[in-house]
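Reading through the structure tokens given below for one structure.
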Amino acid sequence: MACNENIIKNIANEVTRNCQANGVLVEEDFVTYLIELLLLNPKYGKLFAKTIKRDNLEYFVNECVAMLTKADTAILTLKMQYNMLTNYDKLQTLIDTHLESIDKCLRPLVHEIMEEDPGPEGGPEDADYKKLFRKISIYIILASGLGNPSGIITLKEGLAALESVFSIEDLKVFVALPGFEKMNQLNDLVQIVSGVRLFNRDCKKGGDGIPDLPFNLLEAGNACVSSLSNSLITIMQKVNTLTTAIQDSVDIQDETGNVYIVATPEFTVEDYNQVYSLLAFYRQYEVYTRKLLTDVQVLVQSATQCVERVRKVLAELHSCVKYKAAVPVDTVYPLFKKLWQVWRDMQNIMYLVSTVNRLNTALGATHDLIKMPSLLERMLIGKKVLSDQERMTNLKVEEKLSLGSLKNYVTCSSYNVRDKDVQFLGFCAISLAVGALIPSNIKLGHIRLQGKRYGLCNFKMAKRFGKTPERYIKEVLDYARNNPHLINLLNIADDVERVKDISVLVTKPIPKIKVSDKDIQTETHPMDSYIEKNYTSDLWEWKRRACQWANIVNCRTHSTQTIYSHLRSEIQCQTVDMRDKELQTKKESGINTITKNVFLWGLRGRLGAGQHVMPLEEMFHSEKEKAKTLEICQDKVQGEMSTSNTKTTAFKEPTLIFE
């Protein structure tokens, strides 16, 4: 690959500058860590496979900047991994690194002591020898970590302890020794003088600047164990909650074996991916917290043993020098060295405890940046939060017996399963194909392939994985290289490295379209016939109508007085007749309007009587009464006519009177 260490460093510099321009501060070493993981993906790795082009480089830099400025949960997971990988290692490695850093800081002073040569003519009171003696004392105090030589009392105690085991005559011999012998004698002096000072402290005759390490070590260790235990309890509560929310979100197709996320109208695939990323963060947090807690518990046990050893060595020293004016060097010097070695072990344990405590604080600060999504509460409706152990109880005996017929199936028990043999950190190998960190069920057993074990979470997935395990392993690797925060979490960096040049790891089969011949009986005319009266198939007729409608839009409508305008009724009443059937109503009744109760007479200029108000009676839409015939007695009419001087004619026919 064209990307070597220098090129990656230059890319990291450019990404860091672009992030600072966007207001995001990132460490250059962390950017380098991210770039190395991204280059495991052939999507980015092939950009620099042969030559580096400016367009490809710009595209890759923009992708990195977009990831870092977004600062989602995956980036926080990567930052957590980076902090642990750069600041934590095996305990002995951390101790060696710490001691090497101390030696590196004291190297200039050691070089001055080794090169110092006062000369043979200098007497016992010579100032050069006193200066060299003082330098040796300062070096012993700094190398032992027993106080600060800048303090006068501490320096005097160091000089007195050195004079008790190393005189000026011995210093002259020391100056004449070769370089490697000087260094050996200097290391012996550090052990003996430090042992003398520790013994004097126990005798209450000195010890200024020397802390009470046995007490402080046990107290610090127990406090660190308590803090990590509380953090682990909080983490597991979040892990159990998130796992319960997504435990039913992954399924597998029976026909093709494709793994998919069961999306619903309420929760989309993006919602589940958000929870998957959040669960990966807490699982990584859990792994690191458990590792730190295990190491601290070992350190506390070692500290307890060291404290007991210190007490025993001090008891030996007291019994050796008690009631004696002089003690042989061969007897007491080894005890001083032994005391110093035990004290040095306690110092190393204290350094490791402080390192763990510092890392725990850093992990907690990263965790404080996480925000729980609001949709999590809706996902948990109707579900009971279960722990990893409680999920293993739902297993039928028939299912376990059925799995026994699978190829490469092995049962699991406490004595034949080692953590290093179980791949993907014990999570379900099929659920990981879509990023779901669902723990496997140990009671189901494992599928063994090429000396490695793979766990599954339920019977259906275990049965499917047993048929084609290579396919699902490749799907997990493909998903991990597209989501780099899972590579170190699942401990599959070497596996992803082997397939970084393969663009397509897995080709998912497409479900077949099922075709069948069936007779379907349909209605002859399922819809009522309708004939459009204005329909025409003539295109020119539609154009003519369009022109006509366009002209009508531009026309103006106005009223005209005609000779028939005066033909208006005297009274206008709006009525609605009773209907036999109603439309769009739930009650069988008609709707009639209520007429006006008052009528103004003469509004249209009618002659006679002037304008006046006439009250009207309510009309209830009753049928109009027919005209009644009124018969008048003929004799009565003739009698009335005879009394009148006017000549009248009697009606023989009845007269119609309308009411």
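Here is how the numbers come out for the structure above:
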{"item": "Residue check for residue 264: closer than 28 Å to residue 458 by Cβ, modelled with pLDDT under 90 and open to solvent by less than 20 Å² (accessible area, probe 1.4 Å)", "result": "no"}
{"item": "Exclusive hit being open to solvent by 10 Å² or more (accessible area, probe 1.4 Å), more than 25 Å from the chain's Cα centre (by Cα) and not charged (D, E, K, R), set 447, 442", "result": "442"}
{"item": "Residue 215, sole failed condition from (1) at pLDDT below 90; (2) open to solvent by 60 Å² or more (accessible area, probe 1.4 Å); (3) assigned to a helix (DSSP H, G or I); (4) not charged (D, E, K, R)", "result": "(1)"}
{"item": "Residue 474 vs. criteria open to solvent by 70 Å² or more (accessible area, probe 1.4 Å), touching a Leu at 6+ places or on another chain (Cβ under 6 Å) and not hydrophobic (A, V, I, L, M, F, W, C)", "result": "yes"}
{"item": "Residues satisfying the stated conditions in the stretch 485-506, i.e. open to solvent by less than 50 Å² (accessible area, probe 1.4 Å) and in a helix (DSSP H, G or I)", "result": "485, 486, 493, 495, 496"}
{"item": "Conditions (1) at pLDDT 75 or above; (2) over 30 Å from residue 475 (Cα atoms); (3) assigned to a loop (DSSP other than H, G, I, E, B); (4) acidic (Asp, Glu); number of the one not met by residue 580", "result": "(1)"}
{"item": "Test for residue 277: is it touching a residue at least 40 places away in the same chain (Cβ under 8 Å), open to solvent by 20 Å² or more (accessible area, probe 1.4 Å), in a helix (DSSP H, G or I) and in contact with a Ser or Thr (Cβ under 7 Å, 6 or more places away or on another chain)", "result": "yes"}
{"item": "Every pair of residues 6+ apart whose Cβ atoms lie under 6 Å, when the first sits in the stretch 250-273 and is in a loop (DSSP other than H, G, I, E, B) while the second is surrounded by 13 or more Cβ atoms within 10 Å (Cβ to Cβ)", "result": "257/464; 258/508; 262/249; 262/251; 263/269"}
{"item": "The stretch 128-168, residues that are within 16 Å of residue 109 (Cα to Cα), assigned to a loop (DSSP other than H, G, I, E, B) and without any contact (Cβ under 8 Å) to a residue 60 or more places away in the chain", "result": "149, 150"}
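The values are calculated or read from the model by the stated rules, or taken from the named source; none is laboratory data. All values reported here derive from a predicted model rather than from experimental measurement. All Cβ positions, glycine included, derive from the backbone under ideal geometry; neighbour counts span all protein chains shown. Note: accessible area is taken over every heavy atom of the protein model, side chains too, but ligands, DNA and RNA are not part of it. Shrake-Rupley method; radii C 1.70, N 1.55, O 1.52, S 1.80 Å.
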